[in-house]
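Encoded as structure tokens, the structure appears first; notes follow it.
Just so it is clear, none of the values below were taken in a lab; they were calculated from the coordinates. Fair warning: this is a prediction, and the values are worked out from it, not measured in the lab.
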Amino acid sequence: MPADRPTLSRVGWAAITVPALVIGHHDDPFHPYPVAELYARSIPAATLTTVPSKDASPAAFAEQIGEALTRFLDHQAAST
């Protein structure tokens, strides 16, 4: 397991005021899906997107991440 993490405490997540895209899948042992759900609940402007497992289908995983990023960025651009 990596010795680092994005933050030391969840308290700071609520202070994130910009839109955030959280991507997760259910078969990731290093980034468990419940952590993605926690980020999405804790960051006020977060959107959670679930993609297929990379192990089950690398192509679908990559395709759906690309689609999620495009949707998210298009939505942000339309909102400005």
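Details
- Dividing the summed helix terms, -39500 (n - 2.57) for each DSSP H run of n ≥ 4, by the number of residues in the chain produces a 222 nm estimate of -13500 deg cm²/dmol to the nearest 500.
- Fraction of C-alpha pairs exceeding 14 angstrom in the chain: 67 percent, rounded to a whole number.
- Residues in region 25-31 carry Karplus couplings, in order, of 9, 7, 10, 9, x, 8, 10 Hz; the curve used is 6.51 cos²θ - 1.76 cosθ + 1.60 with θ = phi - 60°, and Gly or Pro positions show x.
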